[in-house]
Amino acid sequence: MKSIFDEENWKKINFLNYAKEINKKFLKEGPILFVFDFNNFLISKKGKLSNIPFAIKDNYSIKNVNTTAGTILLDNFRPLNFSTVFKKLLSEGSIPLFKANLDELAMGWSGMTSHYKEVNNPFDKNLIIGGSSSGSAYLVAKDIVPFSLGSDTGDSVRKPAVYGNVIGFKPTWGLVSRYGLFDFAPSWDTVGWFTKTIEQSALLLDILKGYDSKDQTSKKIDQKFSYFKNLDKDQKNLIVGYFPEILDEIKNQKIKETYILFLNKYKQKGYKLKILKANFELLSLISIVYDVVSSTEALSCNSNLQGFLFGNGYDQNKNYLEAIKKARGDNFVYEVKKRFLFAAYSISKHEKIYNQARRIRHLINKELDKIFEQVDALVLPAVMDFAPNKKTAQQNRIKNSRTLADNFLTLFNSNGSPSLSFPITNEKSESVFINIATKPNDDLNCFRIAKIFERLKDEK
């Protein structure tokens, strides 16, 4: 196999010294929560990722290692098990170096709501990196590790990828086991990762995919099939679709013009491009549906975070309800409190709001089915503007945009589609990104179209 992760370069590095030096150098930037002592793990000497280092978001269980999910209520919590994806990477010889920082309980969009420290943008510390997989994106953006794992519930891999100028991918829901990933909203959550090339991302899917008896939502698939080996086959007849209407919602003129020019270039090369129509009034409800359903799932999944069972709890001799109120009130950040309160309200009226949101989600997914009957992929700008500065992000934390343009990435968590954010220019914090999404279980065509775009990007 040809070099995919610059294997020869990594062979020269003493990882123990390297990890310590990196942690010290980037301490104030915020991407690292913990440095692994990887000698404590059973790592294969051979494999597809032999001697390739990686980082993993700190919401994946690592046996006997502090795993906090960015909250002080899990401070000093040490799981009794390994997440499946972590074990699979070790079995292929990959070296774990860092636990990456994240927004608290993966409920954030900025990289600013971890209980431990903010994560800066790798190109400008005044800008946000995006969340919740902020630390994981940073570490790949700065070439500290060649790949890292995050998790994606709404856009938590694909949006930080944009602001960090790296590739972010989430596979079909259920294609990769979530065992050991702390639940935020299980019907939306997906393992995801950051890389620098499409080949790297496809190779990781080959390694991480497959049924897991410990995760009953995981899919039984052909384990011998390789996404990596089939990247360049049958590309010419793929049909890409887009919505012209969404162009009116793009805030940044540079992004709009670059996106249009790139689609024209794609068409001029003989590839098939199709204008799509859809029920925008229905699709635009995705943000409120996501807020209701994901927050309600999160409230349930995190009900055991009371300050007693894990982390630094309060005096259990106090009134039980008062102790819980104090533990949560003192320790959860604003974003988590907001989502939990929103969820509690949504289910307080005999679950009327929650059930209505679930019905609308079903209709949205049916609309997406209709779209993917017409095209092999839907390609839109990944974001409508470049990374905002931190002050603006703080001021706007309550005013969530409800436009489809600002929230369409979440559509593909709703229906479980594979989705990939890819740069079509290379200008660090002002790179223009597109997002490619295909129907569920069609991850190969998601990669194939991304591979075409990768070639077009490199052409003069």
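Of note, residue 87 satisfies the criterion of being free of Cβ contacts under 8 Å to residues at least 12 places away in the same chain, out of contact with any strand residue (DSSP E or B) (no Cβ under 9 Å at 6 or more places or on another chain) and surrounded by 16 or more Cβ atoms within 10 Å (Cβ to Cβ). Checking residue 391 against (1) at pLDDT 95 or above; (2) open to solvent by 50 Å² or more (accessible area, probe 1.4 Å); (3) part of a helix (DSSP H, G or I): exactly one of these is not met. Which one? Against the list (1) at pLDDT 95 or above; (2) open to solvent by 50 Å² or more (accessible area, probe 1.4 Å); (3) part of a helix (DSSP H, G or I), residue 391 comes up short only on (1). Residues in region 368-388 that are open to solvent by less than 30 Å² (accessible area, probe 1.4 Å), outside any helix (DSSP H, G or I) and closer than 15 Å to residue 239 by Cα: 375, 377, 378, 379, 380. Among residues of region 328-354 that are within 21 Å of residue 114 (Cβ to Cβ) and open to solvent by 50 Å² or more (accessible area, probe 1.4 Å), none has a beta-carbon under 7 Å from a residue that is modelled with pLDDT under 90 and of a type outside the set (D, E, K, R) at least six positions away or on a different chain.
Restricting attention to region 91-111, the residues being open to solvent by 10 Å² or more (accessible area, probe 1.4 Å) and more than 30 Å from residue 127 (Cα to Cα) number 3.
Considering 219, 236, the condition of being of a type in the set (Lys, Arg), farther than 29 Å from residue 113 by Cβ and more than 22 Å from the chain's Cα centre (by Cα) is satisfied by 236 alone. Scanning region 178-227 for residues that are among the aromatic types (Phe, Trp, Tyr) and part of a loop (DSSP other than H, G, I, E, B), which turns out most open to solvent (accessible area, probe 1.4 Å)? Ranking the qualifying residues of region 178-227, first place goes to 211.
Against the definition (in contact (Cβ under 8 Å) with a residue 40 or more places away in the chain, open to solvent by 40 Å² or more (accessible area, probe 1.4 Å) and not polar (S, T, N, Q)), how does residue 77 come out, yes or no? Break it down stepwise before answering.
Values: in contact (Cβ under 8 Å) with a residue 40 or more places away in the chain: yes; open to solvent by 40 Å² or more (accessible area, probe 1.4 Å): yes; not polar (S, T, N, Q): yes.
When the stated conditions are applied, residue 77 passes them.
Scanning region 229-243 for residues that are farther than 20 Å from residue 434 by Cβ and either part of a strand (DSSP E or B) or of a type in the set (Lys, Arg) (or both) yields 229, 233. Scanning region 57-66 for residues that are under 19 Å from the mean Cα position of the chain (by Cα) and either surrounded by 24 or more Cβ atoms within 10 Å (Cβ to Cβ) or at pLDDT below 95 (or both) yields 57, 58, 59, 60.
The values are calculated or read from the model by the stated rules, or taken from the named source; none is laboratory data. Small disclaimer: the values here were computed from a predicted structure and weren't measured. As a convention, Cβ positions derive from the backbone with ideal geometry for all residues, glycine included, and neighbour counts pool all protein chains shown. Calculation scope for accessible area: heavy atoms of the full protein, side chains included, ligands and nucleic acids excluded. Shrake-Rupley method; radii C 1.70, N 1.55, O 1.52, S 1.80 Å.
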